[in-house]
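Colleague: Below are the structure tokens for one structure; questions will follow.
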Amino acid sequence: MTNSTKNKSLYIHIPFCEHICPYCDFTKLFYLQKFSKPYLETLFKEIDSYHLNKMETIYIGGGTPTSLSDEEFEMLLKKVSSLLKDGGEFTCEANVENLTPQKLSLMARYGVNRLSVGIESTHDERLSQIGRFHSFKHAQEVIEEARKAGIKNINVDLMYGFPGQTIDEVKDDVRNIIKLNTEHVSIYSLIISPGTLFFNKNIKEQNSDDSRLFYDTILKMMRDAGFERYEISNFSKPGFESKHNLVYWHNQEYCGVGLGASGYVNGERYKNTPSLDVYIKGNFVSETEKVNQKLLHEYFLMTHLRLKEGFSLKEYNNLFNEDFYLKYRDLIHDYVSRGLAKIDDEKFAFTDDGLIIMDSLILPLF
Ligand code: SF4
């Protein structure tokens, strides 16, 4: 596969973690040097195979990129930083326990200008219940260290909806996270997927009444603190939206490399193999899907409608050669009258009430 000129973003998956969290269903493996070394060599070959131009955004995610040794991490940053356009956004994910001063100084040296730290909870008992090995105090310290290293754009991840969680705990978490004064916060509810330890232990997700109360409380607190919820789970201070993730949510093409990574290049979506053995043999892509008009329409709606701003009617009408309003008039009126969506001359978007049930609202539009 060669790179398209439309492609301006690169996602790189580092699947290694120092421990496996009981709720995690990402593509991940225990960090072992006997795997990480051949993995990085193969990853670099995969990157080269795309003959990439300079990228506007690069995102190193995982897994846990900072679980690599300092030497491996430097090799990775050196390779990847050469692909970034001047002024581009360069994000790296990190876990608190392995975001050391050495890792931070390597990030600063190789131009990482956006850091995303998985904090998940600000309560130490909760952190150990969900298999996290850091304390909130340690999380506060690494954010300070990151500032000292010169990183001006920081995201933190927070989760809610843990078994037995109360509204007071959620409020306390949000208050503590706001005090960190980061530019961006991603807030996700706990999802228990088949195959995870929590699922096997029959741990249940929260009931929907609590979940709704938590969601509304989080929204209000974050907005009162000056954050805008620009995507269903993402909050930013003005001007600090994730440029890389907006590429996904605008349904634009991007290149994805690494174990289990997905990509969208030259009108084709693909998924890389989740098997390390297969990957290291150089068989990267395991599934492809040519995006025909019908799929393009589905992806367009599923991605754009996650955003507060929704989509431009002009863009929709040009892309699909039909008038969105005329095509869905009855449905639009129904959604708008129930307070679930809004439409004006330029845009269609879901409201706060619509976003929380967006999957069921999008389906009739397919
Ligand atoms: S650190 Fe992240 S990727 Fe690794 S197991 Fe935990 S949740 Fe999954």
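The values are calculated or read from the model by the stated rules, or taken from the named source; none is laboratory data. The shown structure was predicted, so the numbers you read here are calculated from the model rather than taken from an experiment. Using ideal geometry, Cβ is built from the backbone for each residue, glycine included, and neighbour counts are taken over all protein chains shown. Quick note on the areas: whole protein, heavy atoms, side chains included, nothing else; ligands and nucleic acids left out. Shrake-Rupley method; radii C 1.70, N 1.55, O 1.52, S 1.80 Å.
Colleague: Going by a ≥ b ≥ c, the root eigenvalues of the Cα gyration tensor, does the chain fall in the rounded group (a/c under 1.5), the prolate group (a/b larger than b/c) or the oblate group?
Modeller: Verdict is oblate for the chain.
Colleague: Also, quick follow-up: Keeping all protein chains in position, work out how much accessible area H13 exposes to a 1.4 Å probe, and write it in Å² to the nearest 10.
Modeller: For H13, solvent-accessible area is about 10 Å².
Colleague: If I model a spin label as a point 7 Å beyond the Cα along the Cα-Cβ vector, how far apart are those points for H333 and S189 in nm?
Modeller: Between H333 and S189, the label points sit 3.2 nm apart.
Colleague: With contacts defined as alpha carbon pairs under 8 Å and 6 or more residues apart, what's the relative contact order of region 311-366 in percent?
Modeller: Details: 46 pairs, mean separation 15.9, N = 56.
Rounded, it is 28 percent for region 311-366.
Colleague: Still on this model: Return the Rg/Rh ratio of region 311-366 with Cα-based radii and a Kirkwood Rh.
Modeller: Result for region 311-366 is an Rg/Rh of 0.94.
Colleague: Please label the shape of region 1-133 as rounded, prolate or oblate, based on the square roots a ≥ b ≥ c of the eigenvalues of the alpha-carbon gyration tensor (a/c under 1.5 means rounded; beyond that, a/b larger than b/c means prolate, else oblate).
Modeller: The shape class here is prolate.
Colleague: Let me ask something additional. Taking the full set of protein chains and a 1.4 angstrom probe, give the accessible area of S208 in square angstrom, rounded to the nearest 10.
Modeller: 90 Å²
Colleague: Here is a further query. Go through F44, F311, T100 and say which Cα lies farthest out towards the positive end of the charge dipole of the chain; charges sit on Cβ, +1 for Lys and Arg, -1 for Asp and Glu.
Modeller: Selected residue: F44.
Colleague: Follow-up. Sequence gap at least 6, Cα distance under 8 Å: using those rules, report the relative contact order of the chain to the nearest whole percent. All intermediate terms of the calculation are to be shown ahead of the outcome.
Modeller: Working: 622 pairs, mean separation 55.8, N = 366.
15 percent.
Colleague: Relative contact order for region 213-295 using alpha-carbon pairs under 8 Å, separation at least 6, rounded to a whole percent?
Modeller: On the way: 95 pairs, mean separation 12.3, N = 83.
About 15 percent, as a whole number.
Colleague: Using only the Cα atoms of region 181-299, build the gyration tensor, take square roots of its eigenvalues as a ≥ b ≥ c, and label the shape rounded, prolate or oblate: rounded if a/c is under 1.5, else prolate if a/b is larger than b/c, else oblate.
Modeller: Details: a/c = 2.14, a/b = 1.39, b/c = 1.54.
Judged from the Cα gyration tensor, region 181-299 comes out oblate (a/c at least 1.5, b/c at or above a/b).
Colleague: With only Lys, Arg, Asp and Glu charged, each at its Cβ (+1 for the first two, -1 for the last two), find how big the charge dipole of region 325-366 is about the Cα centre; round to the nearest 20 debye. Mind dumping the intermediate values first?
Modeller: Numbers: 5 positive and 8 negative charges, 25 e Å.
Magnitude of the dipole: close to 120 debye.
Colleague: Also: Output the antiparallel fraction of DSSP beta bridges having both residues in the chain, as a percent to the nearest 5.
Modeller: 40 percent
Colleague: Quick one: dipole size for the chain, taken about the Cα centre, charges +1 on Lys/Arg Cβ and -1 on Asp/Glu Cβ, in debye to the nearest 20.
Modeller: Dipole of the chain, to the nearest 20 debye: 660 debye.
Colleague: Run lengths n ≥ 4 of DSSP H only: what is the helix-derived mean residue ellipticity at 222 nm for the chain, with -39500 (n - 2.57) per run over all residues, to the nearest 500? Spell out each step's value before the answer.
Modeller: On the way: 16 runs with 145 residues, N = 366.
Rounded to the nearest 500, the figure is -11000 deg cm²/dmol.
Colleague: Whenever you get a sec, line up M75, M55 from highest to lowest accessible area (probe 1.4 Å, protein heavy atoms).
Modeller: Descending order: M75, M55.
Colleague: Spin-label point model (7 Å from Cα, Cβ direction): what's the K54 to S135 distance in nm?
Modeller: The answer from the label model is 4.6 nm.
Colleague: Same structure again: In the chain, which Cys residues have no partner Cys with a Cβ closer than 4.7 Å?
Modeller: Cys with no partner Cβ under 4.7 Å: C17, C92, C255.
Colleague: Another question, then. Name the most mobile residue of L213, L104, L340, meaning the one with the largest mean-square fluctuation, in a Gaussian network model of the chain with Cα contacts below 10 Å.
Modeller: In this elastic network of the chain, the residue with the biggest mean-square fluctuation among L213, L104, L340 is L213.
Colleague: Any lysines with Cα under 29 Å of the K314 Cα? List them, leaving off those in the same chain fewer than 8 positions away.
Modeller: Answer for K314, where 29 Å is the Cα cut-off: K6, K8, K237, K243, K290, K294, K327, K342, K347, listed by chain and number.
Colleague: Roughly how many nanometres apart are two label points built 7 Å out from the Cα toward the Cβ at E71 and Q102?
Modeller: 1.0 nm
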